[in-house]
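The values are calculated or read from the model by the stated rules, or taken from the named source; none is laboratory data. Model, not experiment: these values are computed from the prediction. Cβ sites come from the backbone with ideal geometry, for glycine too, and all protein chains shown count toward neighbours.
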Amino acid sequence: MLIAREECHKKQLDNFQSQIDSLKNQVADSTTTLDNHRKRLSSRNQYIVRVHQLKHLSKINGRCPFKIWKDSVTMNNENKLVSRLSSSVQKKKLVNKYFTRWTKFFLKAVQAKRKEINESRLHAITTEIISRYETEIDQLRSELHEHTKLLQREKISRQQLEDNMRRTLMQGMTAMNVGALYSLNNTNRDTEEKSRS
């Protein structure tokens, strides 16, 4: 039974691992598509920035070319930083989204497993307690049966003793009565003989 449970748990772990791999693949695919979109967007933004800079340069002809170059470089660096930060935030959001789904699923599976284990333990403990009490009850019943037999034997022997005592008493009383009658008869005879003589 434990081997079957272990195999079931291994299958569940393999299933979880395959789900994790598929989620990782989905995250990788979505990040690559996101990176492609960002590259396109950044190239468009660079084009728009260049056009804007050229328009700005055309308005300000009196500025130093080094200052213009420096401003364009700082704008490009700021745009790159913004795109990097937004891509990292998007990646974190995707990972959190899929990871929270997986953790919820995994926690439900773990809770179901713990519930099953606790129910099996409870069942085992209750069956053990029930069997123990049933054996104790059977033992007490057998002892009670033996004691009732012993009590019946004692009652029978007591009754026999009482009957024997009654018989003995009756025999003694009968013997006394016979003796009394005999002595009365003897005294009556003696008085009759005295009266005859």
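Table for the structure above
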{"item": "Filter result for the condition that a residue is out of contact with any helix residue (DSSP H, G or I) (no Cβ under 7 Å at 6 or more places or on another chain), without any contact (Cβ under 8 Å) to a residue 60 or more places away in the chain, in a helix (DSSP H, G or I) and more than 30 Å from H9 (Cβ to Cβ), over R114, R141", "result": "R141"}
{"item": "Boolean, R40 is modelled with pLDDT of 70 or more, over 21 Å from L107 (Cα atoms) and more than 50 Å from the chain's Cα centre (by Cα)", "result": "yes"}
{"item": "Candidate set: the range 46-104, residues that are assigned to a helix (DSSP H, G or I) and of a type in the set (G, A, S); chosen: the one modelled with the lowest pLDDT", "result": "S58"}
